[in-house]
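Worksheet for the structure shown next.
The values are calculated or read from the model by the stated rules, or taken from the named source; none is laboratory data. The shown structure was predicted, so the numbers you read here are calculated from the model rather than taken from an experiment. Cβ placement follows ideal geometry from the backbone for every residue including glycine, while neighbour counts extend to all protein chains displayed. These area figures cover heavy atoms from the full protein model, side chains too; ligands, DNA and RNA do not enter into them. Shrake-Rupley method; radii C 1.70, N 1.55, O 1.52, S 1.80 Å.
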Amino acid sequence: MSPSRSPISTPANIGPAALDDALLDEAMEYRRLYTGLIGITSKVPIKDASVLSLVYTPGVAEPCLAIARDSTESFQLTCRGNTVAIVTDGSGLFRLGKAGPEAALPVMEGKSVIFKTFAGIDALPICLRANSLYEFVDTVLELSPTFGGICLEDIAAPWSFTVTDHLQHASNIPVFNNHKEGVAVTVLAGLLNAVKVVDKELKDLRVIVNGAGMAGMATADLLVSAGAGNVIVCDRHGSIYRYRPFRMNWVKWQISQRTNLAEERGDLATMLKGADVLIGFSEGGVVTGEMVGRMARDPIIFALAVPEPEILPEAARAAGARVVATGRTDYPNQMDVALVFPGFFRGLLDVGARRVNETMLIAAARAIASVVSDRELNADHIVPRVLDYRVAPAVARAVAQAALETGQARVQADPAAIAAHMRRFVLEGQLSVPPRTTSSSDPIPQQALDLHRRYRGVLEIKSKIPIKDEHILSLFYLAPGAVAPAREIREHPEKVYDYTVKGNLVAIVTDGSRVLGLGDIGPRAALPVMEGKAVLFNTYAGVEAFPICLATQDQDEIVAIVKRLEPTFGGVNLEDITAPRCFYIERKLQEIMDIPVFHDDQHGTAIAILAGLTNACRLTGRDIHNLKVTFNGAGAAGVAAARLLLSLGVEDIIMVDRGGILCEGGFEGYHWAHQEMARLTNRGRVQGTLRDALKGRDCFIGLSVAKALPAEFIKEMAPDPIIFALANPIPEIMPDEAKAAGAAIVATGRSDLPNQVNNSLAFPGVFRGALDARVRQITDAMKIAAAYALADLVSPKELGPEHIMPLGTDYRVAPAVAAAVARTAVERGLNRVPVDPAAVAERVRSYVYEGMVIFGEPKE
């Protein structure tokens with residue numbers, strides 16, 4: 001079966017109601033084939049080194065600096081301004097009990113596709129395992145520098161109330177709970193049209209809301225604000241009224257101040273007598289035809305429990321109901337939050353809204369209701385179908401207008417233009433990009449800034465299985481089809497790797513404390529670099545990677561937050577965190593995580609250095625084991641590279657930090673990682689400065705700061721020295737100066753100079769191999785194998801002073817590195833699933849040329 005085949009076709013005689021086991025099984029096979037429903041890709045294809053230099057180093061430094069000067073620029077220069085986190089703990093999922101975050105992941109992927117399809121919004125599932133509601137709240141707040149908005153999903157009561165309340169008060173970006181605001185807006189929209197069908201007025205209605213969870217409480221509250229006459233909320237213990245002396249909590253106390261003002265008492269059946277409307281958020285089968293028969297003339301029944309409604313539509317109609325709605329795709333009047341959240345967030349993001357307020361909610365409901373014209377309106381058509389592409393633009397326009405009118409907008413935008421922009425997205429399939437303001441002759445920083453601003457970052461989320469019709473929508477993205485993978489993963493948690501993106505998804509985690517050579521510029525300013533990393537992951541190895549920029553620099557908090565993210569991600573790539581915190585964080589996470597954790601600044605750089613040194617020694621006739629190496633910079637990369645060389649058997653290493661040469665016994669001012677390295681290196685106990693550490697040495701490896709290596713120091717080294725000046729964006733010495741001073745080989749970390757020794761050559765392939773072998777840790781043996789595979793890509797014929805490394809755009813690199821990592825895992829018995837290294841390499845090569853990683857074929 002071709003990977004490009006359209007997903008499950010719908011024969012003429014098969015509609016949403018016919019979701020039989022065979023179709024659901026085939027849908028599950030598509031999820032397995034595509035490893036979930038979403039992917040992550042670059043908005044800007046990496047076709048050559050010039051584009052790479054804009055998306056990654058050195059050009060990416062310019063948008064970082066712009067955001068460091070003004071943090072609000074992060075909404076314009078990165079994907080943040082168009083990205084929403086869909087956050088859940090899986091505790092309130094389709095009435096499956098506390099199914100857990102892994103079971104929630106396929107459902108959140110479906111929400112992500114709906115965001116993208118209808119509003120062009122990038123939405124990332126964040127499925128958390130938190131031990132308390134305050135852990136949940138704190139984690140979401142710490143994640144907020146990455147996102148432009150938060151969409152809460154499927155969190156069970158009573159946590160859902162407190163979590164939502166705390167986040168909405170504490171966050172500086174809009175927080176929207178789909179089971180609070182989303183449901184309430186949907187119900188109000190339906191009710192606004194239902195009253196027209198039955199010829200009643202909203203203000204005269206007696207409305208019974210059955211279910212005192214998040215959806216019921218929010219709906220009751222919004223209906224009162226919209227002008228509904230008499231709203232009564234019931235829970236399993238009967239009606240809620242002021243001072244009810246049992247089964248109350250703070251939310252019930254709150255709603256009792258606004259509803260059931262006559263303090264009526266009784267069970268659901270009693271409350272339904274003479275009622276005009278029943279809105280159910282409870283469980284299947286709790287409403288009988290007899291109860292409906294005792295309601296007022298032409299009752300309206302919204303039976304919204306999923307997957308089984310409180311009463312089936314045919315039974316409700318037989319008992320006299322005039323208008324019936326459910327939450328299912330296989331009945332008329334589907335009341336689904338998918339009508340609300342894409343357009344709602346589009347409006348919020350495009351005006352930079354700070355908060356969600358009641359005016360926006362009522363405006364959105366009226367906008368949805370207005371899409372159903374008087375000509376179309378009838379008892380079986382009170383709300384638009386989810387697949388009605390008119391809805392999201394109408395909602396976006398209404399929300400943007402309300403935000404502007406209520407002073408919640410940071411950006412002055414034209415609501416009509418927002419709606420028009422969305423309509424163009426529906427027709428063209430992509431958001432429009434403004435024209436360039438620079439040319440290829442302009443400086444790289446200027447070009448990079450222009451590119452990031454025009455595209456609003458370089459990263460986006462894509463849909464792997466497009467929504468082409470209502471059948472596909474119900475089979476993959478909405479109930480009842482969306483329930484199947486959640487139920488399967490709840491019963492067999494390891495299947496999360498088969499049916500979701502988890503097995504191919506890496507979190508790029510940073511606190512922004514040491515970004516490139518720019519220092520502590522914070523998580524928002526770090527985002528452009530993390531986006532660039534994600535683009536490289538995907539471009540070269542088909543790995544889906546996404547930035548997670550944290551608003552904390554407390555090392556234990558970072559460890560705790562990353563651990564809570566484990567249900568969502570298959571691997572963690574730590575990035576741009578200062579030493580020695582980075583060492584501590586990585587070690588602790590490796591101890592407690594069941595997925596690979598790899599600090600790229602340490603090990604990606606170390607792999608690239610070892611590969612470069614291997615070829616430099618070949619070229620200069622040196623034995624790497626006898627090499628005399630001096631490191632300038634004892635941060636994360638320097639320590640990791642030195643450790644890797646030591647594990648290989650390189651014995652003569654000296655390390656220099658800003659305080660001078662690391663030497664055992666000179667521990668004053670050293671942190672614990674420096675103390676370790678002082679004991680392991682400098683066996684000759686050399687003391688002094690960098691100049692002293694370089695006399696007679698074969699190799700300089702700079703991982704420090706710009707212009708740290710004077711040319712005269714090189715002249716005092718051994719003949720034909722090897723110079724790796726890897727500071728970014730400006731190296732310790734420029735190649736022409738180093739060569740003039742006698743250097744035989746010079747490498748830098750820049751893509752616009754020969755011999756780029758950069759971790760971008762390592763991490764895509766390393767993670768590809770690690771993910772495919774499903775290892776728990778990436779070992780030194782895997783790193784060494786990766787380095788040798790990288791070095792071997794430069795043939796003896798190609799090897800020369802300006803060609804000791806493959807180019808950054810060499811598409812042979814990731815397949816070779818991935819195969820080497822996978823092979824080492826198999827040889828050491830570390831793979832948790834069967835894996836063929838040759839097949840891993842071939843799959844990556846196929847991805848490079850075909851644009852998709854295929855893990856298997858659907859079963860017949």
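Using the Kirkwood radius built from alpha carbon pairs, what does the Stokes-Einstein equation give as D for the chain at 4 °C and 1.567 mPa s, in µm² per second? Diffusion coefficient, whole number: 45 µm²/s.
Over the Cα atoms of segment 26-116, the radius of gyration divided by the Kirkwood radius equals 1.12; this is the Rg/Rh ratio. Among the protein heavy atoms of the chain, carbon and sulfur supply 50% of the accessible surface, probe 1.4 Å, non-protein parts ignored. Computed log10 I(q)/I(0) for segment 215-350 at 0.09, 0.20 Å⁻¹: -0.29, -1.24, from the Debye equation with unit scatterers placed on every C-alpha and solvent omitted.
Overall, the ratio between the Cα radius of gyration of segment 611-666 and 2.2 N^0.38 Å, rounded to two decimals, is 1.18. Each Lys or Arg adds one and each Asp or Glu subtracts one; over the other residues with Cβ under 11 Å from the Cβ of VAL559, this totals 0. Quick one: check the C-alpha center-to-center distance for segment 795-820 versus segment 299-338, whole angstrom. Distance between centres, Cα-based: 62 Å.
Under 19 Å of direct C-alpha separation, and excluding same-chain neighbours fewer than eight residues apart, LYS468 reaches these lysines: LYS111, LYS116. For LYS47, the lysines whose Cα comes closer than 21 Å to its Cα, not counting residues fewer than 8 places off in the same chain, are LYS462, LYS533.
With all pairs of different C-alpha atoms in the average, the Kirkwood value for the hydrodynamic radius of segment 138-232 is 14.5 Å. If you take the Cα centroid of segment 605-683 and the Cα centroid of segment 203-248, the two points sit 68 Å apart. Here segment 272-411 was treated as a single set of alpha-carbon atoms; its pair distances binned every 5 Å from 0 give 2, 11, 18, 17, 15, 14, 11, 7, 4, 1, 0 percent. Of the chymotrypsin sites (Phe, Trp or Tyr not before Pro) in segment 621-676, the ones in a loop by DSSP (not H, G, I, E or B) with at most 16 other beta carbons within 10 Å are PHE667. The largest-to-smallest principal axis extents of the Cα set in segment 501-617 are 43, 32, 28 Å. Summing Lys and Arg as +1 and Asp and Glu as -1 over all other residues whose Cβ lies under 11 Å from the Cβ of HIS237 gives a net charge of +3. Normalised radius of gyration (Cα atoms, divided by 2.2 N^0.38 Å) for segment 182-237: 1.07. Cross-link reach is defined here as a Cα-Cα straight distance under 16 Å, omitting same-chain residues fewer than 8 places apart; for LYS695 the lysines meeting it are LYS628, LYS715. ASP554 sits with roughly 70 Å² accessible to a 1.4 Å probe, with DNA, RNA and ligands left out of the calculation. Other residues lying with their Cβ under 10 Å from the Cβ of ASN504 contribute a combined charge of 0, Lys and Arg counting +1, Asp and Glu -1. For q = 0.11, 0.13 Å⁻¹, what log10 I(q)/I(0) does segment 658-809 give under the Debye formula with an equal point scatterer on each alpha carbon and no solvent? Debye output, listed in q order: -0.54, -0.75.
The orientation-averaged projected area of the convex hull spanned by the Cα atoms of segment 252-314 comes to 4.8 nm².
Here segment 153-256 is assigned +1 on the Cβ of each Lys and Arg and -1 on the Cβ of each Asp and Glu. Its dipole about the Cα centre then comes out at about 400 debye. Computed on the Cα trace of segment 51-210, the radius of gyration divided by the Kirkwood hydrodynamic radius gives Rg/Rh = 1.08. Computed per residue of the chain from DSSP H runs no shorter than four, each worth -39500 (n - 2.57), the mean residue ellipticity at 222 nm is -12500 deg cm²/dmol. Probing with 1.4 Å while keeping every protein chain in the model, the per residue accessible area of the chain equals 35 Å². Per the Debye formula on identical point scatterers at the alpha carbon atoms of segment 575-689, with no solvent, log10 I(q)/I(0) at q = 0.14, 0.22, 0.23 Å⁻¹ is -0.60, -1.25, -1.31.
Structural descriptor for segment 644-690: relative contact order 46 percent, calculated from alpha carbon pairs under 8 angstrom and at least 6 residues apart.
When both segment 60-78 and segment 532-601 are represented by their alpha-carbon centers, they are found 22 Å apart. Computed extension length for ASN172-ARG258: 28.1 nm, one decimal, from 0.36 nm per residue of separation with the Cα-Cα distance subtracted. Note on segment 394-512: percent of Cα-Cα distances in each 5 Å bin, starting at 0 and stopping at the bin with the largest distance, equals 2, 8, 9, 11, 14, 14, 16, 13, 8, 4, 1, 0.
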